[in-house]
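To start, the structure itself, in structure tokens.
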Amino acid sequence: MNKKVQSLLVNGLAWILSLTMLTPLLLIVVNSFKTQTEAASMKLSLPTRWVWDNYSVVIEKGKLISSFSNSLLYSAAATVFGIALAAIAAYIFARNPSKLNRFFYFFMVLGIAMPINFVTLTKVMQFTHIINTQLGIIVLLTVISLPFSVFLLHGYIGSVPRELDEAGIVDGCSPFRLFRTIVLPLLAPVLATVGVLNFMNAWNEFVIPLYYLNDSGKWPMTLAVYNFFGQFQVSWNLVSADIVLTTLPVIVIYLLGQKYIISGMTSGSVKG
């Protein structure tokens, strides 16, 4: 009986926390379909008249098409490059734990806790002539994602048996082919996890584009929402619609990533 009561309490607490976290999202979605007068009160009540034109107005006046393309470019490129570099680095650190590699690993993981020195970073970007460029934002987002990505991948690679590496070497695999054909497929669940986290972080990044992008044509959706709110801060229906359109891609990527992770773990357990 005690276990059942404890299970009910835990599940009830989980439902309460979930509903609490979903309430702001539901509030934004409901108000995005209201008129300007109705949305001014920001209540959870359903709109008396569903105004679908709010989204078309936001897309047109908020320049969301160009900002969506920029955000997709930054997030996708930073995620792909970040995963590739982190996977290679984590594999080398895990399989060759020399003193030098240990130093580099802990030095890189230290980046999780260390703050960014924006003054020095600005000087570096000015010296390399990548400030106010899309390439510069991609490079920054990629580098920022590396410490945590290497940390996750390093721990997962440590659980992959070394006997697989030895069997590949006996079969004549080069180090790169060994990593690409044997180790990399086994990392699918953790790669999906890292990919989802990196994509979400890159999509939601606000400070980096704000500091290093002066051209509004290169702004991601976070800066577009910020600029849109400054122009239409009285129209909470339009602001809500703008926020919904900005968060929707992240939610889709998260759900797809969770589905892939669960399917990968299930297939791995079945094979095991």
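The values are calculated or read from the model by the stated rules, or taken from the named source; none is laboratory data. Since we're looking at a predicted model, the values are computed, not measured. Note that each Cβ is placed from the backbone with ideal geometry, even for glycine, and that neighbours are counted across all protein chains shown. Surface areas here come from the heavy atoms of the whole protein model, side chains and all, with no ligands, DNA or RNA. Shrake-Rupley method; radii C 1.70, N 1.55, O 1.52, S 1.80 Å.
Before moving on, here are some points about what is shown:
- Considered as a group, the residues in the range 20-52 that are of a type in the set (Ser, Thr, Tyr) and under 12 Å from Leu238 (Cα atoms) include one that is surrounded by the most Cβ atoms within 10 Å (Cβ to Cβ), and that residue is Ser32.
- Val119, sole failed condition from (1) touching a helix residue (DSSP H, G or I) at 6+ places or on another chain (Cβ under 9 Å); (2) over 28 Å from Ile251 (Cβ atoms): (1)
- Qualifying residue in the range 121-128 (condition: among the aromatic types (Phe, Trp, Tyr) and modelled with pLDDT of 95 or more): no
- Test: residue in the range 109-124 that is in contact with a Leu (Cβ under 9 Å, 6 or more places away or on another chain) and in contact (Cβ under 8 Å) with a residue 60 or more places away in the chain: no
- Of the helices (runs of 4 or more DSSP H) that lie entirely inside the range 2-100, not one contains 2 or more residues that are touching a strand residue (DSSP E or B) at 6+ places or on another chain (Cβ under 8 Å), of a type in the set (A, V, I, L, M) and touching a residue at least 40 places away in the same chain (Cβ under 8 Å).
A quick yes/no check of all residues on (1) polar (S, T, N, Q); (2) touching a strand residue (DSSP E or B) at 6+ places or on another chain (Cβ under 7 Å); (3) in a loop (DSSP other than H, G, I, E, B):
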site	(1), (2), (3)
Leu110	no, no, no
Ile116	no, no, yes
Thr122	yes, no, no
Ile130	no, no, yes
Ile137	no, no, no
Val143	no, no, no
Pro147	no, no, no
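Here's the yes/no breakdown for (1) open to solvent by less than 90 Å² (accessible area, probe 1.4 Å); (2) touching a helix residue (DSSP H, G or I) at 6+ places or on another chain (Cβ under 8 Å); (3) within 19 Å of Asn198 (Cβ to Cβ):
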residue	(1), (2), (3)
Val57	yes, yes, no
Leu64	yes, yes, no
Ser75	yes, yes, yes
Phe81	no, yes, yes
Leu85	no, yes, yes
Ala89	yes, yes, yes
Ile92	yes, yes, no
Leu100	no, no, no
Phe104	no, yes, no
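- Check on Ile92, within 22 Å of the chain's Cα centre (by Cα) and of a type in the set (A, V, I, L, M): no
Table: residues versus (1) in contact (Cβ under 8 Å) with a residue 24 or more places away in the chain; (2) not polar (S, T, N, Q).
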{"residue": "Asp215", "(1), (2)": "yes, yes"}
{"residue": "Leu223", "(1), (2)": "yes, yes"}
{"residue": "Tyr226", "(1), (2)": "no, yes"}
{"residue": "Phe232", "(1), (2)": "yes, yes"}
{"residue": "Ser235", "(1), (2)": "yes, no"}
{"residue": "Ala241", "(1), (2)": "yes, yes"}
{"residue": "Leu245", "(1), (2)": "yes, yes"}
{"residue": "Pro249", "(1), (2)": "yes, yes"}
{"residue": "Gly257", "(1), (2)": "yes, yes"}
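- Cβ-Cβ under 7 Å pairs, at least 6 apart or on other chains, the range 160-189 side closer than 25 Å to Ser149 by Cα and open to solvent by 60 Å² or more (accessible area, probe 1.4 Å), far side modelled with pLDDT of 85 or more and not charged (D, E, K, R): Leu164/Ile182; Leu186/Val160
Okay, residues lined up against (1) over 22 Å from the mean Cα position of the chain (by Cα); (2) of a type in the set (A, V, I, L, M); (3) surrounded by fewer than 21 Cβ atoms within 10 Å (Cβ to Cβ):
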| site | (1), (2), (3) |
| --- | --- |
| Glu205 | no, no, no |
| Asn214 | yes, no, yes |
| Gly230 | yes, no, yes |
| Val234 | yes, yes, yes |
